[in-house]
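The values are calculated or read from the model by the stated rules, or taken from the named source; none is laboratory data. Because the structure is a prediction, the values reported are computed rather than measured. Virtual Cβ from ideal backbone geometry, glycine too; neighbours counted across all protein chains shown. Keep in mind that these areas ignore ligands, DNA and RNA; they rest on the heavy atoms of the full protein, side chains included. Shrake-Rupley method; radii C 1.70, N 1.55, O 1.52, S 1.80 Å.
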Amino acid sequence: MGVDLPYKLSAIAELTGHEDRAWNVAWNPVKPLLATCSADKTVRLYGYSGIPTPTFSFHTSISTDHGKTVRSIAWSPSGETLATASFDSTIGIWQQKGAQDEDEEVTAGEWQCASLLEGHETECKSVAWSASGTLLASCSRDKTVWVWEVQPDCDFECLGVLMEHTQDVKSVAWHPSEEILASASYDDTIKLYLDDPSDDWFCFETLKGHTSTVWSLAWAPGGRYLASASDDCTVRIWKRVAEHQWECVCVLEGHERTIYSVSWGMTTTKRVSEEGGEPLGWLASAGGDGRINIWQLEEAPNSTVNSPPKYELISCIENGHGDSDINSIVWCPRAGYQDLLATVGDDGMAKVWKIEVA
Amino acid sequence: TWTRRKTQKERHSLWLSEEGDDSIDADDNEVELIDGDEVFDLIRSISDPEHRSMTLEQLAVVSAPQITVSNQKNHVMVEFTPTVPHCGMSTVIGLSIRVRLLRSLPNRFKVDIKVKPGSHTSEHAVNKQLNDKERVAAALENNAITEVLETCLESAGRRGRPADI
C-alpha cells in the first residue's frame, strides 16, 4: 500500500499443528484460551499469558468425535462450554472434566463431549451462543436455522426451526445484549429473528443489498450496528433505524476476493478524530485475498437516525497467511487484550496479531 | 471401503499437493511462470464423468484458449463448456478440474472456474457452487463424490497422451 496508515499489525504468535485447513478461531471470553478448528476434525486449544504482549503455547487438542470437518466453534459467555459445528451435520457441546471444582487450573481435566445435537440434515456451518448463554443457534446447508434452549445438565431443547432462507445458511450471530438473532446466507440475504412470547421464533427483517453469498456477521459492541462480509468483496454496515428495522448505511470496499470473516472489537486504545465523534470500535475483515483490513468507526458528531458512521482504514496488511486464504478473523474480547486479533487460514495455521500505533 | 479410506488418509488432504505428484514445482527462490497451455496440459486428460473413455479435451469441454493465467496476480481462470446446456454433470466436471489444479498448481495461484457464458441453463448456480470453497470442501468429504472424482482424475496424468502406450 502506498498510503501510510496510522496503525500497524505485528504477528506475535504463529501456531501450527492442524493437519488441514483451519476454518475458525474463537477466544474464550473469560480464560486465557484460544480455540481453533479444522478440516482435520480436531479442535486445538492454546493458552497465553503476559501483558502487554502475551506469549502463546499449545494447551491441548480435542480429537472430537465428528466424522467430518469441524467448520466452526463458539465459546459460551461463561467460558465453560465450547460448541462445535461440523460438516457431519451435528453440533457438539464440550466441557472440561472436573472444571467445576474450585481453584481448578486451566490445565485441568480432559475435554469431553457433553452433548451432541442432531437435527440438521446436512453440513452445519456455524454455531453461536446468545449473550446470556441460555440460547444456542445453529445453521446448515439444509437452509435452516435452529434455536436451542440450554437446560440443566447440558440438555438442549429445540425452540424453533427457521426455514426462511432459500439456500445454504453460512453464519449465525446473536445481538450482544438482546435476544435478536441474525443469519447470513448463500441466497445473498441476511435475516433477523425474534421470539414471539405467545408463539414461535419468527423472521422480522430481511436485509438485502449484497450481490453474492454473505459469509460472516459481526454486531457492533453496542448493538446498534451490524456488519456483514460477502463474496461480493464488500463489507456492509447496517444501522438500527427503528426498534425492529435495520438499514444499510455504508459499504466498505478494500478486498479483491471473497471476504470470509468480519469482527467488530472495542479496543482500549481509542483514537478519536479531530471532530470527536463517539467511538464505535474497530472492524477487522479478511478473506480470499489474504489481506487484513482494519477500519475505525465513529458515530458522526451530528448524526441522525439513519446517518452513516464515519469510517477510516487505519491498518492493512497483505498476505497475512502467505498465499493462503484467511478464513476467520476475531478480536480478543478480554480486558487488557483487546488490541489482539486472531486469524486462521487454509495453511492450517493460527496467527495472533497485535495492533499498535505505526 | 477400508482400503479406500486408508488411501484417503494417506493422501492426508485433498487440497495439498503431494510430493512425487506430477505437479508444477516452483523453485525455492524463483517463481516459475506458467501459462494457459501448461494449465490446459494438466486438465486435458481428465475423463468425462459420463463418458469415462473420453477425456475433457476430446469432448471439447476444455481447451487452451478458455484458460487465462495472470502470473502477476497469481490468478487462473478456467472456463469450460458443458457438452449439453442442461448437463447434470457440470459441477462434477468443474470439481474435477478444481481438485486437479489444487493438487498440481503452485499454492500461490487462486483458481476460478466457470462454465462458458450461455453454455448452461443453470450457469449462475453452477458457477456459484464451483467457486464456494465451503461447498467444494463439503463435497470432497462426500465419499460418493470423491469416488467419481478419483476415477475421472486417474487419467489426468496422461496430459494428452493416448491411453495405451
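Rounded to the nearest 0.05, what FRET efficiency is calculated for A:ALA11 and B:ARG108 with R0 set to 25 Å and r the Cβ-Cβ distance?
Values: r = 20 Å, r/R0 = 0.78.
E between A:ALA11 and B:ARG108, to the nearest 0.05, is 0.80.
Taking θ as phi - 60°, what are the ³J(HN,Hα) couplings along region A:46-62 by the Karplus curve (6.51, -1.76, 1.60), each to the nearest whole Hz, with x for Gly and Pro?
10, x, 8, 7, x, 10, x, 10, x, 9, 10, 9, 4, 9, 7, 10, 9
Each residue of region A:142-150 in order: what ³J(HN,Hα) in whole Hz does its phi give by Karplus 6.51 cos²θ - 1.76 cosθ + 1.60, θ = phi - 60°, with x for Gly and Pro?
Along region A:142-150, the couplings run 6, 6, 10, 10, 10, 10, 10, 9, 7 Hz.
Is there a simple number for the mean count of other chain Cβ atoms within 10 Å of the Cβ of residues in B:137-150, and what is it?
Per residue, the number of nearby Cβ atoms from other chains is 2 on average.
Which shape class applies to region B:33-154: rounded if a/c is under 1.5, otherwise prolate when a/b exceeds b/c and oblate if not, where a ≥ b ≥ c are the square roots of the Cα gyration tensor eigenvalues?
Cα axes put region B:33-154 in the rounded bin.
Rounded to whole Å and sorted largest first, list the principal axis extents of the Cα atoms in chain A.
Computed over the Cα atoms, the extents are 52, 49, 38 Å.
Would you kindly calculate the mean projected area, averaged across all directions, of the convex hull enclosing the Cα atoms of region A:1-158, in square nanometres?
The directionally averaged projection comes out at 11.6 nm².
Over chain A, what is the mean sequence separation of C-alpha contacts under 8 Å (at least six apart), divided by residue count, expressed as relative contact order in percent? Don't jump to the answer; show the numbers that get you there.
Numbers: 1073 pairs, mean separation 54.6, N = 358.
Here the relative contact order equals 15 percent.
Rank A:VAL241, A:GLY322, A:SER72 by how far each Cα sits towards the positive end of the charge dipole of the protein assembly as shown (+1 on Lys, Arg Cβ; -1 on Asp, Glu Cβ) and give me just the farthest.
A:GLY322
How would you order A:299-312, A:119-132, B:123-136 from highest to lowest mean count of nearby Cβ atoms within 10 Å?
A:119-132, B:123-136, A:299-312
Which cross-chain or sequence-distant (5 or more) residues have an amide H under 5 Å from the amide H of A:ALA13, H modelled 1.01 Å from N in plane?
Under 5 Å from the amide H of A:ALA13: A:VAL352.
Using a ≥ b ≥ c from the Cα gyration tensor of region A:176-322 (square roots of the eigenvalues), is it rounded, prolate or oblate, where a/c under 1.5 gives rounded and otherwise the larger of a/b and b/c decides, a/b for prolate?
Oblate, since a/c reaches 1.5 and b/c is not below a/b.
If amide H atoms are built 1.01 Å from N in the plane of the peptide, which residues on other chains or at least 5 residues away come under 5 Å of the amide H of A:LEU207?
It is A:ILE190, A:LYS191, A:LEU192, by chain and number.
Between rounded, prolate and oblate, where does region A:174-236 land on the alpha carbon gyration tensor, with a ≥ b ≥ c its root eigenvalues, rounded for a/c under 1.5, else prolate if a/b exceeds b/c?
oblate
Summing -39500 (n - 2.57) over the DSSP H runs of n ≥ 4 in the protein assembly as shown and dividing by its residue number, what mean residue ellipticity at 222 nm do you reach, to the nearest 500 deg cm²/dmol?
-3500 deg cm²/dmol
Past 26 Å, Cα to Cα, is the threshold; run A:LYS97/A:LYS170; A:LYS41/B:LYS116; A:LYS68/A:LYS170 against it and keep the listed order.
A:LYS97/A:LYS170; A:LYS41/B:LYS116
Over region B:33-154, with every protein chain in place, what whole percent of the accessible area is carbon and sulfur at 1.4 Å, could you tell me?
Solvent-exposed carbon and sulfur of region B:33-154 make up 51 percent of the total.
List, in the order given, every pair from A:LYS8/A:LYS310; A:LYS208/A:LYS354; A:LYS208/B:LYS128 whose Cα-Cα distance in the structure shown is over 26 Å.
Working: A:LYS8/A:LYS310 20 Å; A:LYS208/A:LYS354 34 Å; A:LYS208/B:LYS128 18 Å.
Beyond 26 Å between Cα atoms: A:LYS208/A:LYS354.
Determine ³J(HN,Hα), in whole Hz, for all residues of region A:185-190 in sequence, where each value follows from phi through the Karplus function 6.51 cos²θ - 1.76 cosθ + 1.60 and θ = phi - 60°; x replaces Gly and Pro.
Karplus values, whole Hz, x for Gly and Pro: 9, 4, 7, 6, 10, 10.
Long-range amide H contacts for A:GLY160: which residues qualify at under 5 Å (H placed 1.01 Å from N, peptide plane, sequence gap of 5 or more or a different chain)?
A:VAL147
Got a sec? What order do B:HIS75, B:HIS86, B:HIS51 fall in by accessible area at 1.4 Å, biggest, i.e. largest, first?
Result of the area sort, largest leading: B:HIS86, B:HIS51, B:HIS75.
Hey, if we sort B:LYS116, B:LYS110 by accessible area with the 1.4 Å probe, largest down, what's the order?
The residues order as B:LYS116, B:LYS110, largest area first.
Compute, for chain A, the length of the dipole vector about the Cα centre, with Cβ point charges of +1 (Lys, Arg) and -1 (Asp, Glu) only. Units Debye, rounded to 20.
It works out to roughly 840 debye.
Select from B:GLY36, B:VAL78, A:LEU181 the residue farthest towards the positive end of the dipole of the protein assembly as shown; place +1 on Cβ of Lys and Arg, -1 on Cβ of Asp and Glu, and compute about the Cα centre.
Going by the Cα projections, it comes out as B:GLY36.
When the solvent-accessible surface of protein heavy atoms is calculated with a 1.4 angstrom probe, in what order do A:MET266, A:MET163 fall, highest first?
A:MET163, A:MET266
Using a probe of 1.4 angstrom, how much of the accessible area of chain A is carbon and sulfur, in percent?
44 percent
What's the buried accessible area, both sides, between B and A using a 1.4 Å probe, rounded to 100 Å²?
Result for this pair: about 2000 Å² buried.
Can you give the mean number of other chain Cβ atoms that lie within 10 Å of the Cβ atoms in peptide B:105-111?
3
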